[in-house]
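Structure record follows, encoded as structure tokens.
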Amino acid sequence: MKVYEGKLNAAGLRFGIVISRFNEFITRKLLEGAIDALKRNGASEEEIAVAWVPGAWEIPPAAARMAGSGGYDAVICLGAVIKGATAHWQYISAQVTRGIAGVAAQAPVPVSYGVITPDTLEQAIERAGTKAGNKGFDAAMAAIEMANLFKELA
Ligand code: INI
């Protein structure tokens with residue numbers, strides 16, 4: 001039996017991060033968490049590229065370009081869509097999630113999902129480095145594992 005499992009080793013791998021500026025107070029924390037995970041697992045800072053986009057809506061097209069460029073072994077998507085007074089955030093979060101899933105299914109490299117969709121600012125803070133961990137860190141860990149898995153499967 002052959003079992004494939006991606007290692008948690010980021011040394012020598014190149015990472016693209018797409019991050020939205022909307023709710024930057026939160027997304028910057030997700031970015032810090034992602035970079036922490038990459039560096040702690042051996043990635044070098046020179047091999048990490050960060051692309052800022054205006055809002056979560058803009059993440060899928062930017063992620064598609066990064067993932068298809070040949071310049072990265074994995075792409076990490078970071079954003080925060082927080083519930084508002086109208087249904088606007090719902091349309092955005094659903095489409096962004098679908099968009100990233102579509103990019104991930106087509107892309108030659110793994111694309112991880114670090115977009116949080118909390119109901120409140122408190123829940124957002126909890127997921128950006130406090131009570132509920134850091135979803136940016138988690139998305140980067142998934143990207144490392146999947147980048148190594150894809151190399152094994154190639
Ligand atoms: N963008 C976000 O990243 N988070 C949000 O919570 C949000 N809300 O709720 O409006 C949001 N809107 C902006 C959107 O992503 C686009 O940038 C904008 O519509 C321009 O295309």
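Of the listed pairs 39/83; 83/135; 7/131; 29/131, which have alpha-carbon separations greater than 21 Å here? Provide the component values of the computation, followed by the final result.
Values: 39/83 32 Å; 83/135 17 Å; 7/131 27 Å; 29/131 13 Å.
Check vs 21 Å cut-off fails for 39/83; 7/131.
Residues in segment 74-94 near a label at residue 25, defined as backbone nitrogen under 13 Å from the 7 Å Cα→Cβ point?
Label zone hits: 82.
If one takes the longest principal axis of the Cα atoms in the chain, at what angle in degrees, from 0 to 90 and to the nearest 10, does the Cα axis of helix 135-153 lie?
30
If segment 1-130 were replaced by its equivalent ellipsoid, with semi-axes equal to the square roots of 5 times the Cα gyration tensor eigenvalues, what would those be, largest first, whole Å? Don't jump to the answer; show the numbers that get you there.
Values: eigenvalues 128, 58, 38 Å².
So the equivalent ellipsoid measures 25, 17, 14 Å along its semi-axes.
Among 97, 13, 110, flag the residue with its Cα farthest along the positive direction of the charge dipole of the chain, charges on Cβ as +1 for Lys/Arg and -1 for Asp/Glu.
97
With r defined as the distance between the Cβ atoms of residue 3 and residue 39 and R0 fixed at 30 Å, what FRET efficiency is calculated, to the nearest 0.05?
Details: r = 28 Å, r/R0 = 0.95.
Taking R0 as 30 Å, the efficiency between residue 3 and residue 39 is 0.60.
To the nearest 10 degrees, how steep is helix 59-68 against the longest Cα principal axis of the chain, on a 0 to 90 scale?
On a 0 to 90 degree scale, this one is about 10.
Explain nothing, just the number: dipole magnitude of segment 54-130 about its Cα centre with +1 on each Lys and Arg Cβ and -1 on each Asp and Glu Cβ, in debye rounded to the nearest 20.
Details: 4 positive and 5 negative charges, 36 e Å.
Dipole size: approximately 180 debye.
Pull out the extension gain between residue 87 and residue 101, defined as 0.36 nm times the separation in residues minus the alpha carbon to alpha carbon distance; nm, one decimal. Could you put the intermediate results ahead of the total?
Numbers: separation 14, 0.36 × 14 = 5.04 nm, distance 2.15 nm.
Full extension of this stretch gives 2.9 nm more.
Going by how many other Cβ atoms sit within 10 Å of their own, how do 146, 66, 1 line up, fewest first? Present the calculation step by step, with values, prior to reporting the outcome.
Details: 146 19, 66 25, 1 2.
Fewest-to-most Cβ neighbours within 10 Å comes out as 1, 146, 66.
So how tilted is helix 88-106 from the main axis of the chain? Cα-based, degrees 0 to 90, rounded to 10.
10
For the chain, what relative contact order do you get, as a whole percent, if you take Cα pairs closer than 8 Å and at least 6 residues apart? Before the final figure, lay out the partial values.
Details: 325 pairs, mean separation 52.3, N = 154.
Dividing the mean separation by the residue count of the chain yields 34 percent.
As a test of the definition: which semi-axes, in Å, follow for segment 1-62 when you take the square root of five times each eigenvalue of its alpha carbon gyration tensor? Largest first, please.
Taking √(5λ) for each Cα gyration eigenvalue gives 26, 14, 11 Å.
Express as a percent, rounded to the nearest 5, the fraction of DSSP beta bridges in the chain (both residues included) that run antiparallel.
So the antiparallel bridges in the chain amount to around 10 percent.
Fewest first, what order do 98, 40 take by the number of other Cβ atoms within 10 Å?
Numbers: 98 11, 40 14.
Fewest to most other Cβ atoms nearby, the residues stand as 98, 40.
I need 92, 144 ordered by Cβ neighbour count within 10 Å, fewest first. Don't skip to the end; give the middle numbers.
Values: 92 19, 144 28.
With the fewest neighbours first, 92, 144 line up as 92, 144.
Every number in this text was worked out from the coordinates using simple rules, so none of it is lab data. In this text, all values refer to a predicted model and were calculated from it rather than measured experimentally. Cβ coordinates were reconstructed from backbone atoms using ideal geometry, including for glycine residues, and neighbour counts include every protein chain displayed.
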